[in-house]
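Heads up: the structure comes next, in structure tokens.
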Amino acid sequence: MLLSSLPVEHHDPVNAAILAVSEDRIAGFVREPFQEIARHSGVDGDTVRERIRAMLEAGTIRRVRQTLLATNLATGALVAWRVPDERLDEAFDYLFQRDPFSGHVVLRSTDAQISGARYKLWTTLKVPTGVATLAEHCDLLAPIIGAEAYRLMPARGIFALGVGHVRRKNLEPGARAAEPARMMPVRTVELDERTWRVLVALKREFRPDEIADDPWRARAEEAGVSFEEFCATAEDLQRRGLVGRFSTFLEHVKPSAGGVRVTRFNALFHWAVPPGREVEAGAEVGRHEVLTHCYWREGGPEFGNVNIMAVAHGTDKGRVLEHKAAIDAHLDQIGMPVGYTNVFWGGRSEIKPSEISPFAWREWRAALPVPAAGDRLLSEVIVPK
């Protein structure tokens, strides 16, 4: 069948069955990921490969790749940038197009008038271990994008991390796992050069012609190792907690070629709970199934001393707020004090994987202009201790 004749919208029944699995249900490294998707979805293997390839070519799926737990491979943080309004679009474009280490780039606004409302440009950032600190990287970017200040919010713990927009569409507010979420600690590890070669080949996005059985054999050749050595290294990385899921990422920000949106609203929820109770609170928030991300991060006084942050998506703003209200009610029910809460709504947004290779960072840094002597280091005043 010609791929152009296949249905490519996410709500097609066959595509929905595939995506309900392929978005975030294939955990870790598997040698035959497309066969595994077929096994769990109940759709035959040939159809799985054809539909994923067609959706990728149509832009319904924006990327197919093996994800890594990059928080353990590079130093990472959520960054809120304070940039003059007249330079926001310029700064947005630069971080998306020219900083490979900034992943999600989002313009956010909030209904509440707090000091943090001035921080409208938000990014995720990964800096490879050993080449620079997060603050040093941001200090290089700040004068280029015209930032007046920035706030680094590294993750201290992770309670939820996934996508699964298709399977989350019909969740009822308050739907949650039977048990509290377990916190994944954040730690960084160092890898030797051979392992980095395997990892770089492992994480590269799949082209449509690579959506096939036995997909890792060519990647092993790319990394300069045997197939068995490639798989053994990937499996060892998984045992070390460095490999995430094999995933097909939907284009959930922009409409498809047919004008269909997967989501419309991207909400960043904030809660400030008493110091010392972050793990307990994060576990209770993170068990709610609507959340794609949930972290312990310290926002500081600009953001009401928030320490639990989570992300939810939806096609209806009111419904997203109903999910938030259900989480609030659950925290109240279990006796968790909340001193402050807020919602930052996503507007313009672009998403790409953050580069984590130290080789790539050195090349990027060499291409930047040398900072002028006496340039103010914004990190001296606003990076959390």
### Summary
When segment 166-203 is checked residue by residue, the ones that are among the aliphatic types (A, V, I, L, M) and outside any helix (DSSP H, G or I) are LEU171, ALA175, ALA177, ALA178, ALA181, MET183, MET184, VAL186, VAL189, LEU191
### Task
Kindly indicate which of ARG297, ARG362 is crowded, with 19+ Cβ neighbours inside 10 Å, touching a residue at least 12 places away in the same chain (Cβ under 8 Å) and among the basic types (Lys, Arg).
ARG297
### Query
Which of the residues that make up segment 57-76 are under 23 Å from ARG348 (Cα atoms), at pLDDT below 95 and of a type in the set (A, V, I, L, M)?
ALA58, ILE61
## Note on the structure
Picked from segment 204-259 (must be among the basic types (Lys, Arg) and either in a loop (DSSP other than H, G, I, E, B) or at pLDDT 95 or above (or both)), the residue nearest to ARG65 (Cα to Cα) is ARG204
### Query
Residues in segment 319-335: is at least one surrounded by fewer than 20 Cβ atoms within 10 Å (Cβ to Cβ), assigned to a loop (DSSP other than H, G, I, E, B) and more than 24 Å from the chain's Cα centre (by Cα)?
yes
### Message
Any residue at all in segment 338-357 that's loosely packed, with under 15 Cβ neighbours inside 10 Å, out of contact with any strand residue (DSSP E or B) (no Cβ under 6 Å at 6 or more places or on another chain) and either of a type outside the set (Phe, Trp, Tyr) or more than 18 Å from GLU172 (Cβ to Cβ) (or both)?
### Response
no
### Task
Restrict the check to segment 96-113 and report whether at least one residue is basic (Lys, Arg) and either surrounded by 15 or more Cβ atoms within 10 Å (Cβ to Cβ) or in contact (Cβ under 8 Å) with a residue 60 or more places away in the chain (or both).
yes
### Message
If I filter segment 203-238 down to residues being within 22 Å of VAL189 (Cα to Cα) and among the polar types (S, T, N, Q), which single residue comes out as surrounded by the fewest Cβ atoms within 10 Å (Cβ to Cβ)?
### Response
GLN238
### Summary
Expected single match for in contact with a Gly (Cβ under 8 Å, 6 or more places away or on another chain), farther than 30 Å from ALA366 by Cα and in contact (Cβ under 8 Å) with a residue 12 or more places away in the chain among ALA16, ALA20, ALA38 is ALA20
### Subset of segment 141-161 [of a type in the set (A, V, I, L, M, F, W, C), surrounded by 18 or more Cβ atoms within 10 Å (Cβ to Cβ) and in contact (Cβ under 8 Å) with a residue 60 or more places away in the chain]
ALA142, ILE145, ALA147, LEU152, MET153, ALA155, ILE158, PHE159, ALA160, LEU161
### Query
Filter segment 273-297 for residues that are assigned to a strand (DSSP E or B) and modelled with pLDDT of 95 or more; which is farthest from PRO173 (Cα to Cα)?
ARG297
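Conditions tested, residue by residue: (1) closer than 30 Å to SER226 by Cβ; (2) among the β-branched types (Val, Ile, Thr); (3) modelled with pLDDT of 95 or more; (4) over 17 Å from the mean Cα position of the chain (by Cα).
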residue	(1), (2), (3), (4)
ILE114	no, yes, no, yes
LYS120	no, no, yes, yes
GLU148	no, no, yes, yes
ARG151	no, no, yes, yes
ALA175	no, no, no, yes
GLU190	yes, no, no, yes
GLU193	yes, no, no, yes
TRP196	yes, no, no, yes
LEU199	yes, no, no, yes
### Task
For segment 106-120, enumerate the residues that are assigned to a strand (DSSP E or B) and either farther than 21 Å from LYS317 by Cα or not hydrophobic (A, V, I, L, M, F, W, C) (or both).
ARG108, SER109, THR110
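The values are calculated or read from the model by the stated rules, or taken from the named source; none is laboratory data. On a predicted model such as this, the values are computed, not experimentally measured, just so you know. Positions of Cβ are backbone-derived with ideal geometry, glycine not excepted, and every protein chain shown enters the neighbour counts.
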